[in-house]
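J.: Please read through the structure below; I'll follow up with questions.
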């Protein structure tokens with residue numbers, strides 16, 4: 001169930017800052033990337049930009065549904081404003097057994113509020129909304145809310161930070177960790193069940209407040225953890 | 001407004017694990033501690049235990065109101081179950097200008113729920129409840145939710161982690177940081193307005209989930225911050 005070295009990964013919302021940063025970092029680690037965008041033309045543009053950054057990378061361009069069909073692992077990285085609509089449009093593209101890594105954050109900015117504030121999501125979190133809306137059997141893991149898009153996109157920037165994972169299956173989290181830890185400087189930490197995404201998603205808002213105070217792109221590192229986090 | 005080296009600090013709930021750890025760590029740094037407990041006898045017992053741990057420390061024992069009257073800075077470290085009642089009882093003891101550092105976390109454990117889940121607090125967070133209930137002019141700063149009681153109490157354990165502060169006044173946060181950074185290995189980070197306590201308080205629940213997964217006492221360290229956090 002763990003993606004092999006050559007399995008492609010689809011990134012839905014790869015034209016956005018986080019999605020793009022993830023695409024180039026993963027591609028540099030040798031992962032073929034299916035670039036997804038609402039508009040296939042925009043995806044093509046993004047794939048060209050990514051190729052310019054990582055000439056040895058493998059990028060294909062698709063609309064979101066096409067990208068989701070092209071890979072066993074799908075990263076969902078869209079503004080919360082488009083989260084529900086995107087999932088509805090992916091209903092026929094996602095298939096049971098696929099791993100869906102949801103990086104979406106319900107910031108109040110989605111409704112013209114502050115980016116340091118969260119919206120209440122009826123299901124509890126964006127990730128739990130994804131679990132509800134994705135076809136049954138799609139394996140949802142929540143991740144990547146604390147990794148700054150700017151730091152990811154700046155390929156010379158050493159990351160040295162954690163990715164906080166939550167999900168209802170340990171095996172699914174291990175698969176996500178195995179993939180994301182291919183990016184140098186990222187360590188994945190198991191934060192428990194998917195409902196913990198209510199907390200990890202809110203860390204984006206917290207970091208935005210810290211970033212604005214100190215003019216930085218902060219990340220999170222948990223202290224006092226054992227050396228081996230994934231047996 | 002910044003507490004001087006010899007100003008005492010009151011700890012309300014010092015018989016609890018976090019309060020006690022804080023008492024001995026601060027005392028070791030030379031801060032006189034007014035130990036507060038609901039029951040003055042229990043406070044006496046706690047003061048003796050603290051003296052045994054830090055023989056050179058200065059500890060006085062009081063009921064909660066007595067402790068609050070004995071210091072310009074008051075740390076509130078009580079179970080959320082007792083938070084509102086404690087603040088009601090402190091109404092006549094707290095005075096305008098005092099700095100109230102609230103470390104309380106509204107875990108669902110307060111109502112026999114899981115310690116990895118949060119309660120919804122009408123005001124938004126325990127800290128905002130404290131601001132509403134404390135006499136006007138008391139300066140509320142939220143802090144200390146991510147520092148493990150076990151690590152604090154284990155005096156040989158190097159801390160090496162951050163304390164996330166939120167509050168509506170930069171000056172009040174600086175005063176709290178100045179105090180808390182007297183504890184070796186703690187770095188205070190300004191996380192914005194008091195409403196951000198909604199997020200920082202929830203980090204206790206997140207860390208409890210991580211601790212249970214890995215059998216550790218994890219803390220938090222923010223990456224990519226500047227060297228100087230308090231001008």
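Each reported figure results from applying straightforward, stated rules to the coordinates on display, with no laboratory input. As the structure is a computational prediction, the values presented were derived from the model and not from experiment. Note that we place each Cβ from the backbone using ideal geometry, even for glycine, and neighbour counts take in every protein chain shown.
J.: I need the strands (runs of 3 or more DSSP E) fully contained in region A:4-112, keeping only those with at least 1 residues that are touching a residue at least 60 places away in the same chain (Cβ under 8 Å) and under 19 Å from residue A:128 (Cα atoms).
T.: Where strands (runs of 3 or more DSSP E) fall fully within region A:4-112 and carry at least 1 residues being touching a residue at least 60 places away in the same chain (Cβ under 8 Å) and under 19 Å from residue A:128 (Cα atoms), they are A:9-12, A:73-76, A:99-102.
J.: Just to be sure before I move on: is residue B:50 in contact with a helix residue (DSSP H, G or I) (Cβ under 6 Å, 6 or more places away or on another chain) and surrounded by fewer than 16 Cβ atoms within 10 Å (Cβ to Cβ) in the structure I sent? Quick ask: steps written out before the conclusion?
T.: On the way: in contact with a helix residue (DSSP H, G or I) (Cβ under 6 Å, 6 or more places away or on another chain): yes; surrounded by fewer than 16 Cβ atoms within 10 Å (Cβ to Cβ): no.
Taking the combined requirement at face value, the residue does not satisfy it.
J.: Counting just the residues of region B:157-171 that are surrounded by 20 or more Cβ atoms within 10 Å (Cβ to Cβ) and more than 10 Å from chain A (Cβ to nearest Cβ), which one comes out nearest to residue B:51 (Cα to Cα)?
T.: B:163
J.: So, in region A:187-200, of the ones that are more than 7 Å from every other protein chain (Cβ to nearest Cβ) and in contact with a helix residue (DSSP H, G or I) (Cβ under 6 Å, 6 or more places away or on another chain), which residue ends up farthest from residue A:123 (Cα to Cα)?
T.: Ranking the candidates gives A:188 first.
J.: Take region B:90-108 and flag every residue that is away from chain A (no Cβ under 14 Å) and more than 25 Å from residue B:180 (Cβ to Cβ).
T.: B:91, B:92
J.: To continue, here is another question. I need a count of the residues in region A:111-156 that are closer than 20 Å to residue B:193 by Cβ and more than 13 Å from every other protein chain (Cβ to nearest Cβ).
T.: Residues meeting the conditions: 2.
J.: Taking the residues in region B:204-216 that are within 7 Å of chain A (Cβ to nearest Cβ) and buried (at least 21 other Cβ atoms within 10 Å of the Cβ) as candidates, determine which candidate is nearest to the chain's Cα centre (by Cα).
T.: Checked region B:204-216; the qualifying residue nearest to the chain's Cα centre (by Cα) is B:205.
J.: Checking the conditions here, which among B:149, B:68 is within 14 Å of the chain's Cα centre (by Cα) and either more than 24 Å from residue B:190 (Cβ to Cβ) or surrounded by fewer than 17 Cβ atoms within 10 Å (Cβ to Cβ) (or both)?
T.: Criteria check complete, one pass: B:68.
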